[in-house]
Amino acid sequence: MDSTRVRRRRATINDVASAAGLSRGTVSRVVNGEKYVSPEAKMAVESAIAQVGYVRNSAARNLVRQESRAIGLIIHEPHSLLFEDPNIGSILLGANSVLSAADYQLVSLIIDTARDSQRVADYLRGGLVDGAVIISARTSDPIATAVRNLKIPAAFVGHPPGTPDIPYVGIDNVAAARTIVRRLLDTGRTRVGMIACALDRDSGQDRLEGFRTALGPAFDPDLVLEFPLYTYAAGADGMAELLRRRPDIDGVFAASDAVAAGAMATLQEQGRRVPDDVGIVGFDDSSWALRCKPQLSTVKQPADLLGRAAAELVLAQIEGNEAEVRMLNTSVVWRESA
């Protein structure tokens, strides 16, 4: 028995014309929504389309127009972090809502390794997307450079130093971090440390700078622990090391809510009460903040609006308009953890 799978032939516009008993030109006018087609012909074509299972070949149509009607969402994060960081999902959904309304398809392109960077760059060179939204770009990111060299309409969510001059949407991470750390200090904390993450991108650098300026002369570099990614594990490990270095620590700023959740778990495992013994604050106001017990004081950043704004910047460039930098507002959400 021959187990080879036979690929079903795709129905063509000629098949529709034959089933409808009409010319190919008439069928083409109906399919393309053109005028000067009688109601009877339109009905016959629609019935024939259903009969033969015709699906419009958008790829061929877009090739003629030199457009793909697709926008790449380039996510520069390890695979494991995609499901741990709820901000990525919110940005994706925000971008998709704008692109869907404009009849564009969102294509997710994930970069975990150097090989992925090359693969995604080759994909972009193939003309398979009309633009790109770039999340979590690193300093001097090779993908950002490839996007610039290809002259693809693009926008960053955030804007790390050393990347090309591409439009971006972001928040003031320095001011937001400074504000929440000062509020933590106002609760009477005097021995405050930070679990800093992602210092190869603007968000990580800027949140550390906000922490440093909030503490002023009281800043102690020995109470800053650095990790490459915003993860629960970074928070758990960082908190354990902070307690080793300074057992009487009474305040912690975690660079993200996931990090704060890990730090809180370590504190509680070691018998420290939150907030009685140690006050802790995070950043994002993601689902992690509500999972914590007690719930987390944090900075609310509008992840979905960041995605929407980035998509709007890309569409503006596709339409030939200027795309300006957009900065969105943040706010402090104060709960029981501090």
Test result for G162, in contact with a Ser or Thr (Cβ under 8 Å, 6 or more places away or on another chain) and more than 20 Å from L306 (Cβ to Cβ):
yes
Step by step: first the residues of region 125-145, then only those that are in a loop (DSSP other than H, G, I, E, B) and over 22 Å from L229 (Cα atoms), then the one that is most open to solvent (accessible area, probe 1.4 Å). Which residue is that?
L128
Test E241 against the criterion of being closer than 28 Å to L92 by Cα and either charged (D, E, K, R) or part of a helix (DSSP H, G or I) (or both), and give yes or no.
no
Does at least one position in region 186-200 carry a residue that is among the charged types (D, E, K, R), farther than 18 Å from R246 by Cβ, out of contact with any helix residue (DSSP H, G or I) (no Cβ under 7 Å at 6 or more places or on another chain) and open to solvent by 10 Å² or more (accessible area, probe 1.4 Å)?
yes
Here is a check on your reading of the model: is D112 outside any helix (DSSP H, G or I), within 18 Å of V314 (Cβ to Cβ) and open to solvent by 50 Å² or more (accessible area, probe 1.4 Å)?
no
Mind checking which residues of region 146-165 are buried (at least 17 other Cβ atoms within 10 Å of the Cβ) and modelled with pLDDT under 90?
A146, V147, H159, P160, T163
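So how many residues does region 260-291 have that are assigned to a loop (DSSP other than H, G, I, E, B), open to solvent by 10 Å² or more (accessible area, probe 1.4 Å) and either touching a strand residue (DSSP E or B) at 6+ places or on another chain (Cβ under 6 Å) or not polar (S, T, N, Q) (or both)?
Residues flagged as assigned to a loop (DSSP other than H, G, I, E, B), open to solvent by 10 Å² or more (accessible area, probe 1.4 Å) and either touching a strand residue (DSSP E or B) at 6+ places or on another chain (Cβ under 6 Å) or not polar (S, T, N, Q) (or both) within region 260-291 amount to 8.
Residue-wise test of (1) in contact (Cβ under 8 Å) with a residue 40 or more places away in the chain; (2) open to solvent by less than 60 Å² (accessible area, probe 1.4 Å); (3) closer than 30 Å to A70 by Cα.
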position: A20; (1), (2), (3): no, yes, no
position: G25; (1), (2), (3): no, yes, yes
position: S28; (1), (2), (3): no, yes, yes
position: N32; (1), (2), (3): no, no, yes
position: Y36; (1), (2), (3): no, no, no
position: E40; (1), (2), (3): no, no, no
Take residues that are exposed (fewer than 15 other Cβ atoms within 10 Å of the Cβ) and tell me which of the strands (runs of 3 or more DSSP E) falling wholly in region 294-338 contain 2 or more.
none
Consider D122 against the criteria (1) part of a loop (DSSP other than H, G, I, E, B); (2) surrounded by fewer than 16 Cβ atoms within 10 Å (Cβ to Cβ): it satisfies all of them except one. Which criterion is unmet?
(1)
Identify the single condition in (1) farther than 25 Å from E77 by Cβ; (2) buried (at least 19 other Cβ atoms within 10 Å of the Cβ) that L208 does not satisfy, given that it satisfies every other one.
(1)
Regarding V16, is this residue touching an Asp or Glu at 6+ places or on another chain (Cβ under 9 Å), open to solvent by less than 60 Å² (accessible area, probe 1.4 Å) and modelled with pLDDT of 80 or more?
no
Take the conditions in contact (Cβ under 8 Å) with a residue 12 or more places away in the chain, over 16 Å from I135 (Cα atoms) and not basic (K, R) and apply them to A95. Does it pass?
no
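Scan A234, A176 and give me the residue that is in contact (Cβ under 8 Å) with a residue 24 or more places away in the chain, closer than 30 Å to E322 by Cβ and open to solvent by less than 20 Å² (accessible area, probe 1.4 Å).
A176
The values are calculated or read from the model by the stated rules, or taken from the named source; none is laboratory data. On a predicted model such as this, the values are computed, not experimentally measured, just so you know. We place every Cβ from the backbone using ideal geometry, glycine too, and count neighbours over all the protein chains shown. Each accessible area value is taken on the protein alone, full model and side chains, heavy atoms only, with ligands, DNA and RNA left out. Shrake-Rupley method; radii C 1.70, N 1.55, O 1.52, S 1.80 Å.
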